[in-house]
Amino acid sequence: MFDLPDDDTLYQALLDRSPAYEGQAWVCVSSTGIFCRLTCPAPKPKRQNVHFRASPGECLAEGFRACKRCHPLQAAAESDPAVTSLLQALEKRPDHRWSEADIQALGHDPSTIRRAFRRQFGMTFLDLARQRRLRHGFASLAEGGKVIDAQLEAGFDSPSAFRAAFARLLGIPPADLKGDGALRADWIATPLGDMVAVSSAHALHLLEFVGRQALQRELQRLAKGAKGDIGIGTFAPTEQLKSELSAYFAGASADFQTPLALHGTPFYRQVWAELQRIPPGETRSYGELARAIGRPTAMRAVAQANGANQLALVIPCHRVIGADGSMTGYGGGLWRKQKLLEVEVGYRRSA
């Protein structure tokens, strides 16, 4: 994590419009209620009217609006030519087994690229490329292909390496996933990274970002509950979810109506129901959630219920922040939590 220097240093960078802290610090201006990049061309505010934060999410949580001149909510990746060029290269060669030598051949320093991708996406470029290859293997299995076909589609020379990478990501070997399971897993691409959805014929059981540490355990628990009857494919709830996710990220609707199967205690379900009552564009603290369900001293239990949610976005646990307005833990990564809150600013304005 990046440690911010003192406010005087950042204020001087603001006056100089220095790009040194681009993507690492933002300025909140109390006299206008606006937050900006340090490189913003707008007239500079007085020192006593500013404070600095390490993410746009923190600024949003404190009630500041994004500046219309420097657009601080625009993905920083869009302004990083190195990141942009590598993403374009990945799109052209998604099945290629990328290495640091490839990164160097494109004229980039691997260590710089590693830091840039971790800052923007929570993973390295090589992790992103490996995940993309596994997506192709998953798609091959979903279409009824054999494991060997999925392995070749994903660009793995070794069957054992493919099985190990697949199991490491999902917690279930590819051969254990059937095409006609009572529960079916599907891979969904989103602007914030790939997600795995698991549905039955009647309800959505799981929706998580690929790479979440708890994903393996959650899938294994679902498989055990279904007595191993879990496969790859799609049911009507997954198709409905895909449509709703597209509308959500397009800024058209944050209303999720996909039927849900909730795997949790009555207390957990009570917390999750309260999470669903938080309007998009708003946040709550754990203390506020505890008071809302009539259990004001149960903040720790509320936090545990929040972390046990395995229906990301649909049950919006990303809308919970610290009592001081700070960004708190999120299984999908704090960078995603920040981006989700940024996406929902538009919904708050519409409301």
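The values are calculated or read from the model by the stated rules, or taken from the named source; none is laboratory data. Just so it is clear, the model here is predicted, and its values are computed rather than measured. So basically every Cβ, Gly included, is an ideal-geometry build from the backbone, and we count neighbours across all protein chains shown.
How about region 30-41: which of its residues are more than 18 Å from GLU342 (Cα to Cα) and surrounded by 14 or more Cβ atoms within 10 Å (Cβ to Cβ)?
SER30, THR32, LEU38, THR39, CYS40, listed by residue number.
Do you know which residues across region 230-252 are part of a loop (DSSP other than H, G, I, E, B), surrounded by 15 or more Cβ atoms within 10 Å (Cβ to Cβ) and at negative phi?
THR234, PHE235
Report whether or not GLU282 is among the acidic types (Asp, Glu) and surrounded by 16 or more Cβ atoms within 10 Å (Cβ to Cβ).
No; evaluated as a whole, the condition is false for this residue.
Within region 183-200, count every residue that is of a type outside the set (Val, Ile, Thr), on the phi < 0 side of the Ramachandran plot and assigned to a loop (DSSP other than H, G, I, E, B).
Selection size over region 183-200: 5.
Output the number of residues of region 187-239 satisfying the condition of being aliphatic (A, V, I, L, M) and more than 30 Å from LEU87 (Cα to Cα).
Summing the residues that are aliphatic (A, V, I, L, M) and more than 30 Å from LEU87 (Cα to Cα) in region 187-239 gives 8.
Cβ-Cβ below 8 Å, separation at least six or inter-chain, first residue in region 283-308 and at pLDDT 90 or above, second assigned to a loop (DSSP other than H, G, I, E, B) and of a type in the set (Lys, Arg): which pairs?
Pairs that qualify, where the first residue is at pLDDT 90 or above and the partner is assigned to a loop (DSSP other than H, G, I, E, B) and of a type in the set (Lys, Arg), are ALA292/ARG277; ALA301/ARG295; VAL302/ARG295.
Of all residues in region 286-316, which are of a type in the set (Ser, Thr, Tyr) and crowded, with 19+ Cβ neighbours inside 10 Å?
Listed by number, the list holds a single entry, TYR286.
The conditions are (1) free of Cβ contacts under 8 Å to residues at least 60 places away in the same chain; (2) surrounded by fewer than 16 Cβ atoms within 10 Å (Cβ to Cβ); (3) under 22 Å from the mean Cα position of the chain (by Cα), and LEU260 fails exactly one of them. Which is it?
It fails just one condition, (2).
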